[in-house]
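J.: Just dropping this structure here.
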Amino acid sequence: MNTPTYNFFKHMNLDVKIDISCKVHFVAYHIDNRGPVPFLLFLLEREQESEKEGWLIFPTITGPVLNMRETCASIFPEFDKVEYTGYVISEKEIYAFVHILDAQCTMQTPIATNKRWMCLVDEVLNYGSLLGGRLQINQPCVNFLFSNEEFYTLYVGRNICEIPNVAYMTSDNVKQTEIDHHFGPTKCDYEHYTFESQDELLGKSGFIRYAVFHTMPKTTNGKTCWFVRTLDSVVSLSYHTIC
């Protein structure tokens, strides 16, 4: 696979010291190479100190900042290697980009206790939420990524990489969800694997979240589904059970 490029750097200020007193939002991203083409994941965390407690936001502090490289490492201690790649100013606030270089950074802890989430571009820009609306994404995060298409676009050579859809496998049986998570999904009709939309999560006991490539959703009997012939077209992102 050719090395993907992320052209947002054309817009970056590379200073490591920020002298002004303002909010500094950390746009942490990971380039995942497990799919048929590379794709982006953005890290968002639960808001803790506002009327929208529990909404997902970019990790945020208030400047000034003496050394952005050291600050990035302290803000993301759960990762072995993070790299500060510069910042932009938007709406009088700073958005600092941070590359998470860990090979595997998907998270699978319980919904109620997981503070941070790795989100697909599809979830941020098209849904504004995760897990069927259980976790809402704060609108300023959406607005910032929408403000410049280079912020959410990867290239291989001159070709734009496909942005995958988010889809799910759901079950009324927790044990079945655990089996599908550990051993992989089974074909429903001996020809296709079937993945469902966020709309099907309500009332389910368990679900597995996927990135789906090279497949357009279809609506059947009022349900939106992806019918996939090969698991080479999907990447498992996280696994959850509701007790």
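Any read-out appearing in this document is the output of simple, stated calculations on the displayed coordinates, not a laboratory observation. Bear in mind the structure is a predicted one, so any value in this text is a computation, not a measurement. A quick note on method: Cβ atoms are made from the backbone with ideal geometry, for glycine too, and the neighbour counts reach across all protein chains shown.
J.: Give a residue-ordered list of calculated ³J(HN,Hα) values for region 134-150 (Karplus: 6.51 cos²θ - 1.76 cosθ + 1.60, θ = phi - 60°; whole Hz; x for Gly, Pro).
T.: Going residue by residue, I get 4, 10, 8, 9, 4, 4, x, 5, 4, 4, 5, 5, 5, 5, 8, 5, 5 Hz, with x marking Gly and Pro.
J.: Moving to a separate point now. Taking the simple approach of a point 7 Å from Cα along Cα-to-Cβ for both ILE160 and ARG229, what is their distance in nm?
T.: The answer from the label model is 2.6 nm.
J.: How many nm separate the modelled label positions at ASP199 and ASN126, each set 7 Å beyond the Cα in the direction of the Cβ?
T.: So the label points at ASP199 and ASN126 sit 1.4 nm apart.
J.: While we're here: Amide H of SER238 versus every other amide H placed in the peptide plane: which residues, excluding those fewer than 5 positions away on the same chain, fall under 5 Å?
T.: Answer set, sorted by chain and number: ARG209.
J.: Under the Kirkwood approximation applied to all pairs of distinct alpha-carbon atoms, what is the hydrodynamic radius of the chain in Å?
T.: By the Kirkwood definition, the hydrodynamic radius is 19.0 Å.
J.: Another question, then. Once amide H atoms are built 1.01 Å from N in the peptide plane, which residues 5 or more positions from VAL27, or in another chain, come under 5 Å H to H?
T.: The answer is ALA96, PHE97, VAL98.
J.: So what's the back-of-envelope 222 nm ellipticity for the chain, counting only DSSP H runs of four-plus at -39500 (n - 2.57) apiece and dividing by all residues, rounded to 500? Don't skip to the end; give the middle numbers.
T.: Numbers: 3 runs with 26 residues, N = 243.
Result for the chain: -3000 deg cm²/dmol, rounded to the nearest 500.
J.: Around CYS119, with a cut-off of 11 angstrom between Cβ atoms, what is the net charge of the other residues, counting Lys and Arg +1 and Asp and Glu -1?
T.: On the way: positive: ARG116, ARG209; negative: GLU45, ASP122, GLU123.
Neighbourhood net charge equals -1.
J.: Which one, VAL37, VAL174, VAL82, has the greatest fluctuation when you compute a Gaussian network model over the chain with C-alpha springs under 10 angstrom?
T.: Fluctuation is largest for VAL174.
J.: So if R0 is 41 Å, what FRET efficiency would ASP189 and SER74 give, r being the distance between their Cβ atoms, rounded to the nearest 0.05?
T.: Using R0 = 41 Å, I get an efficiency of 0.20.
J.: Starting from the 7 Å offset along Cα-to-Cβ, what nm value, one decimal, do you get for the label separation of THR3 and PHE146?
T.: About 3.4 nm separates the two model spin labels.
J.: Which residue fluctuates most in the GNM of the chain (Cα springs below 10 Å): LEU130, LEU66, LEU201?
T.: LEU66
J.: Please give me the summed charge of the neighbours of ASN67: other residues whose Cβ is under 15 Å from its Cβ, Lys and Arg +1, Asp and Glu -1. Kindly include the intermediate steps, with their values, before the conclusion.
T.: On the way: positive: LYS17, ARG69; negative: ASP15, ASP19, GLU70, GLU83.
Every neighbour counted, the sum reads -2.
J.: For the chain, calculate the relative contact order in percent as a whole number, restricting contacts to Cα pairs under 8 Å that are 6 or more residues apart.
T.: Contact order relative to length: 20 percent.
J.: So, one more: Whole-Hz ³J(HN,Hα) for each residue in region 30-35, computed from phi via Karplus 6.51 cos²θ - 1.76 cosθ + 1.60 with θ = phi - 60°, x for glycine and proline: what do you get?
T.: Calculated HN-Hα couplings, in order: 10, 9, 8, 10, 7, x Hz.
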